[in-house]
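**Student:** A single structure is presented below for examination.
The values are calculated or read from the model by the stated rules, or taken from the named source; none is laboratory data. This one's a predicted model, so the numbers in the text were calculated from it and none came from an experiment. Virtual Cβ from ideal backbone geometry, glycine too; neighbours counted across all protein chains shown. Heads up: the accessible areas ignore ligands, DNA and RNA and are worked out on the full protein's heavy atoms, side chains in. Shrake-Rupley method; radii C 1.70, N 1.55, O 1.52, S 1.80 Å.
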Number of protein chains: 2
Amino acid sequence: LRLRATAKNAISDGQSHILEFLFHPKSIAIVGSPSQPAANQGAGVFLDALTSFGYEGNIYPVNPKVSEIRGYKSYHDFMSLPQVPDLVICCIPAPMVPGLVDDCAKRGVKAICIYTAGFGEASSEGRRMQQEIVELARHGGMRLIGPNCMGLYCPSTRLSYSPLLSRESGSVGMFCQSGGNSLALVIMANYLGIHFSKVVSYGNAADLAEVELLEYLAKDPETSIICAYIEGMKDGRRFFDVLNETTKWKPVAILKGGRTGAGAEAALSHTGSLASDERKWQGLCRQSGAVEVYGLEGMIDFMEACLRMKRPTGRRVGILAWGGGPSVLSTDDAVRAGVTVPRFSPELRKRMNQVISEAGSSTANPIDSAMLAVPSLISEVIRIVADSGEVDAVLIRLPFAVGGPPFDLATMKAAAEASFQTSHSTGIPLALVMPHGDTAESAGQFMELRRICLEAGFPLFSTTSRAAQALSIFIEATSRLEHPSGD
Amino acid sequence: LRLRATAKNAISDGQSHILEFLFHPKSIAIVGSPSQPAANQGAGVFLDALTSFGYEGNIYPVNPKVSEIRGYKSYHDFMSLPQVPDLVICCIPAPMVPGLVDDCAKRGVKAICIYTAGFGEASSEGRRMQQEIVELARHGGMRLIGPNCMGLYCPSTRLSYSPLLSRESGSVGMFCQSGGNSLALVIMANYLGIHFSKVVSYGNAADLAEVELLEYLAKDPETSIICAYIEGMKDGRRFFDVLNETTKWKPVAILKGGRTGAGAEAALSHTGSLASDERKWQGLCRQSGAVEVYGLEGMIDFMEACLRMKRPTGRRVGILAWGGGPSVLSTDDAVRAGVTVPRFSPELRKRMNQVISEAGSSTANPIDSAMLAVPSLISEVIRIVADSGEVDAVLIRLPFAVGGPPFDLATMKAAAEASFQTSHSTGIPLALVMPHGDTAESAGQFMELRRICLEAGFPLFSTTSRAAQALSIFIEATSRLEHPSGD
């Protein structure tokens, strides 16, 4: 939560970014709105989303076959609209799109979001049409989002491309070349109580592309954390220049689609994106202070870490686990994720042995003892570790909560609560893990513990590997922040 | 399920392995049984486990302070027992263990399982005592399991070291140097309806170690799949010789604890194991036809794949996904896991384009189309892919089931059922994925779909990465089987 403070002093020079207008349209036309929109699906989703979000501007459905759609007057064509809308959402078939773009640009529409697919990703004719619509838009001074995209989600101005997304505003800004991935990421995050400032699904990136979107979110005072899903780069050099500046102010995570050969071919079919050189890409990300994540879950873990973990000042982690085997595997996971698990000094081990006496326990880091089932002992162990200064964070791996004490949920809850309190009182960052095993019985217990963690404002990870990776990328993504802890 | 057939003709020469007696004790003494055993915990777990499993032999608790424990007559010491038990479970403090081992060996006990910790893993005095008890046991012709272990789980003879484990027998055999990891793995597997033939938690491996355990499970007609968690090797050369023979008959997966430097130090504290050279280890595993898995989840996925997936005859995978971004990431995941996602031939793409017509769809592999929400279309697409012979398996990545149609559970269920039927009718192996997002709302839907998959005998994976890894290790682990499909 400390990171939110950073956003206020961000890169901003006090002036709005040139794209700010995109998120404040006073009127929206949906051209090609289905006459009987199916909820959540296809072109019908836009009307559903705007009405269910309570969008306050004028909404103009355009469909030549009907006079009314869900209580809204429907217009025969774009030219018959009673006013020039600020934003047009285009859902008509691809061959008709150039004509619409021309009309919009000539009448002074500020931006058009093209949901329609079948352009640069599809065929040579599609590539030609994509080039044509970009030229028409630029000629008329209109910005073009997409084609082949979902467009804009901005809860504060009640813009959305799906009725399923949260109405609440948050501090995560995201640009995402895939509508499907943006939906999945927002929904997964929403379930965890994480909300967004602005999300842009920008598809083929024919006009509006990654550089401007990053610049916008870097300046945006509502955004403190930036996430990106990118398949291809329009202007890699400028992107990395902007990234290099942005990461001094806000943590940035990038999920790259099409990293493998077959994935790159899929990306070409998806958004017409040409993948960049893989190794060059990795190097540039690292140099510019952004972190790379793998998979949707990695991106969610990044958000949770930034929003809910105290930032460790170094990579040394103390591990607490019930049982030797889990503590060994947790240590392997941590090291593989890029943090270290240093052996405790003789002095610290001596102190630890005074509180953990049971045979079969390990006290040198990882700490492994069945005695950890006692909450007051967990608190004491965390306190001793925090006081020692020998580690920068604590990772606690709870066992399955599968049976009678001490493997029951009550014990796990008490352990979690003791951990939260001691993390607060000592200031040591904490990553809590409980495996959930993907089955109803075990996952039910995980979900209940998750609820308690959310209330306390701490993340809960389902594997030590995810927890350690979250710690590692959190440290990396915040390492260049000029005010990393907000003071 | 085809793999079960293999076990019947396994390595077995018709004779029982020398360790067979371990799983058929007619009487068991628990020396150091707590007078008031806490369920599930510490030394008390053994009496709980045996009584709750309905173990039919004589059980003799030994505790000098009481005359009865939970209805069983308690004996003052080992020497006062009315008969020589076949198996002794030892829970007394470490310094007293050599005396007990000496008594047992002298009186003709066949095996002793030493739960007590504080031996080779703890100190130089512990190492000395460990050496002493091994010599005493060998001198008396008695086998020693542990020390620092949980011992034997064999549902068919009602042996268990935890009341939480399944009473049902299955075909997975496991040896596990960590009691905690063995508990977690058995419980996770049990929840998924996977059951075990024999599990041995063997701790410090002072006497009974990995070579004999592998040999035993290789011969055991009840075991068709072998899993191992290993921290250190006593006799690496012989182990790999036995492994090399075993993998011709049964798939073997190994989870190695202590692979990293810090992990190896933790393993030394845990079971006194000295880690082997990492690269040499990997090479030997690969050469001998075993697969390495990472983390408990990887081991579970191996079991599910072996028991519930049809074996692909090659590594070419066709991917079906809703949405371009998910299909791109799924392709990256698949390639990273070691399978291939070949572009379809022009002929196959032409056929595919006849059934998938919607703009914005991709039909070249990965197949990405919102039309996949229609179950009959899924069936048709799978059938076309299967008929083509261009891929060896199909991976289907369902979207979150988060809202109204087509993102609701009913659509996902119908999609899953259509996939199962078409996999059956065409014979193409299938890996089904639905992300669950680790939250109550999304996981609830995942669990419901999981239930349907279990009923149909198919696995369900929560990420494409896990599904692709399961496919990949399944292919690898079964590549040397002499009768890989049981015929």
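**Student:** Restricting to region B:258-305, count the residues that are acidic (D, E), more than 10 Å from chain A (Cβ to nearest Cβ) and more than 19 Å from the chain's Cα centre (by Cα).
**Tutor:** Qualifying residue count, region B:258-305: 2.
**Student:** Is it true that some residue in region B:326-338 is acidic (D, E) and either free of Cβ contacts under 8 Å to residues at least 12 places away in the same chain or in contact with a Leu (Cβ under 6 Å, 6 or more places away or on another chain) (or both)? Outline the logic, then answer.
**Tutor:** Looking only at region B:326-338, we keep the residues that are acidic (D, E), and these are B:332-333.
Restricting the remaining residues to those that are either free of Cβ contacts under 8 Å to residues at least 12 places away in the same chain or in contact with a Leu (Cβ under 6 Å, 6 or more places away or on another chain) (or both) gives B:332.
Checking region B:326-338: at least one residue is acidic (D, E) and either free of Cβ contacts under 8 Å to residues at least 12 places away in the same chain or in contact with a Leu (Cβ under 6 Å, 6 or more places away or on another chain) (or both).
**Student:** Could you name every one of the strands (runs of 3 or more DSSP E) located completely within region A:50-118 that has at least 1 residues being aliphatic (A, V, I, L, M) and touching a residue at least 60 places away in the same chain (Cβ under 8 Å)? Full working, then the answer.
**Tutor:** Working: elements: A:58-62, A:87-90, A:111-114.
By residue number, A:87-90, A:111-114.
**Student:** Further, regarding this structure: Looking at region B:40-49, which of the residues that are in a helix (DSSP H, G or I) and aliphatic (A, V, I, L, M) is nearest to B:R128 (Cα to Cα)? Reasoning before the result, please.
**Tutor:** Within region B:40-49, the subset in a helix (DSSP H, G or I) is B:44-49.
Of the ones still in play, those that are also aliphatic (A, V, I, L, M) are B:45, B:47, B:49.
On the way: B:V45: 28, B:L47: 30, B:A49: 32 Å.
Out of the qualifying residues, it is B:V45.
**Student:** Of everything in region A:236-257, what is more than 18 Å from the chain's Cα centre (by Cα) and either within 14 Å of chain B (Cβ to nearest Cβ) or without any contact (Cβ under 8 Å) to a residue 12 or more places away in the chain (or both)? Give them in sequence order. Can you show your working first?
**Tutor:** Let us first name the residues in region A:236-257 that are more than 18 Å from the chain's Cα centre (by Cα), namely A:236-242, A:244-245, A:248.
A:R237, A:D241, listed by residue number.
**Student:** Go through region A:276-295 and give me each residue that's at pLDDT below 85 and surrounded by fewer than 16 Cβ atoms within 10 Å (Cβ to Cβ).
**Tutor:** The answer is A:D277, A:E278, A:R279, A:K280, A:Q282.
**Student:** Hey, A:G389 hits all of (1) away from chain B (no Cβ under 13 Å); (2) free of Cβ contacts under 8 Å to residues at least 24 places away in the same chain; (3) on the phi < 0 side of the Ramachandran plot but one; which does it fall short on?
**Tutor:** Going through (1) away from chain B (no Cβ under 13 Å); (2) free of Cβ contacts under 8 Å to residues at least 24 places away in the same chain; (3) on the phi < 0 side of the Ramachandran plot one by one, A:G389 breaks only (3).
**Student:** Restricting attention to region B:43-54, does a residue exist that is more than 27 Å from B:A184 (Cα to Cα) and at pLDDT 95 or above? Show your work before the answer.
**Tutor:** First pass over region B:43-54, keeping only residues more than 27 Å from B:A184 (Cα to Cα): none.
No: zero hits.
**Student:** For B:I396, all conditions in the list (1) modelled with pLDDT of 95 or more; (2) within 30 Å of A:S166 (Cβ to Cβ); (3) within 14 Å of chain A (Cβ to nearest Cβ) hold save one; what is the number of the exception?
**Tutor:** Answer for B:I396: the failing condition is (3).
**Student:** Would you pick out the residues in region A:303-343 that are among the small types (G, A, S) and part of a loop (DSSP other than H, G, I, E, B)?
**Tutor:** A:G314, A:G323, A:A337, A:G338
**Student:** Being modelled with pLDDT of 95 or more and either closer than 16 Å to A:A267 by Cα or not β-branched (V, I, T) (or both) is the filter here; which residues of region B:315-326 pass it?
**Tutor:** Initially, region B:315-326 is screened for residues modelled with pLDDT of 95 or more, giving B:315-320.
Within region B:315-326, B:R315, B:R316, B:G318, B:I319, B:L320 qualify.
**Student:** State whether the residues of region A:312-324 include one that is open to solvent by less than 10 Å² (accessible area, probe 1.4 Å), more than 14 Å from every other protein chain (Cβ to nearest Cβ) and closer than 30 Å to A:N365 by Cα.
**Tutor:** The answer is yes; a qualifying residue exists.
**Student:** Checking B:M233 against (1) surrounded by 24 or more Cβ atoms within 10 Å (Cβ to Cβ); (2) in contact (Cβ under 8 Å) with a residue 40 or more places away in the chain, only one condition comes out false. Which one?
**Tutor:** (1)
**Student:** Next question. Just to verify a result, which residue in region B:218-235, among those that are farther than 18 Å from B:A206 by Cα and of a type outside the set (V, I, T), is farthest from the other protein chains (Cβ to nearest Cβ)? Working first, answer last.
**Tutor:** Just the residues of region B:218-235 that are farther than 18 Å from B:A206 by Cα, to begin with: B:218-227.
Going one step further and asking which of them are of a type outside the set (V, I, T), we end up with B:218-222, B:224, B:227.
Working: B:A218: 23, B:K219: 26, B:D220: 23, B:P221: 28, B:E222: 24, B:S224: 22, B:C227: 13 Å.
My answer is B:P221.
**Student:** I've got another one for you. Determine whether region B:435-443 contains at least one residue that is among the aliphatic types (A, V, I, L, M) and either away from chain A (no Cβ under 14 Å) or in contact (Cβ under 8 Å) with a residue 40 or more places away in the chain (or both). Let's see the steps before the verdict.
**Tutor:** Taking region B:435-443 and keeping what is among the aliphatic types (A, V, I, L, M), we get B:440, B:443.
Now restrict to residues that are either away from chain A (no Cβ under 14 Å) or in contact (Cβ under 8 Å) with a residue 40 or more places away in the chain (or both): none.
Scanning region B:435-443, I find no residue that is among the aliphatic types (A, V, I, L, M) and either away from chain A (no Cβ under 14 Å) or in contact (Cβ under 8 Å) with a residue 40 or more places away in the chain (or both), so the answer is no.
**Student:** Can you tell me which of (1) open to solvent by 30 Å² or more (accessible area, probe 1.4 Å); (2) within 19 Å of B:S327 (Cα to Cα); (3) of a type outside the set (G, A, S) is the one A:P221 doesn't meet?
**Tutor:** The single condition A:P221 does not satisfy is (2).
**Student:** Would you check which residues across region B:349-360 are more than 11 Å from chain A (Cβ to nearest Cβ), of a type outside the set (K, R) and either in a loop (DSSP other than H, G, I, E, B) or open to solvent by 10 Å² or more (accessible area, probe 1.4 Å) (or both) and list them?
**Tutor:** Within region B:349-360, B:N353, B:Q354, B:V355, B:I356, B:S357 meet the criteria.
**Student:** Turning to a different aspect of this structure: Those residues that are at the interface with chain A (Cβ under 8 Å from one of its Cβ atoms) and touching a helix residue (DSSP H, G or I) at 6+ places or on another chain (Cβ under 6 Å), I need them from region B:361-370; list them, please.
**Tutor:** B:S362, B:A364, B:P366, B:D368
**Student:** For A:V335, which of the numbered conditions (1) more than 7 Å from every other protein chain (Cβ to nearest Cβ); (2) open to solvent by 20 Å² or more (accessible area, probe 1.4 Å) fails to hold?
**Tutor:** (1)
**Student:** I would also like to ask the following. May I ask you to verify whether B:V172 is farther than 22 Å from B:P85 by Cβ and touching a residue at least 40 places away in the same chain (Cβ under 8 Å)?
**Tutor:** Values: farther than 22 Å from B:P85 by Cβ: yes; touching a residue at least 40 places away in the same chain (Cβ under 8 Å): yes.
The answer is yes for B:V172.
**Student:** Can you tell me which condition B:E20 does not meet? The list is (1) without any contact (Cβ under 8 Å) to a residue 12 or more places away in the chain; (2) surrounded by fewer than 14 Cβ atoms within 10 Å (Cβ to Cβ), and all the others hold.
**Tutor:** Of (1) without any contact (Cβ under 8 Å) to a residue 12 or more places away in the chain; (2) surrounded by fewer than 14 Cβ atoms within 10 Å (Cβ to Cβ), only one is false for B:E20: (1).
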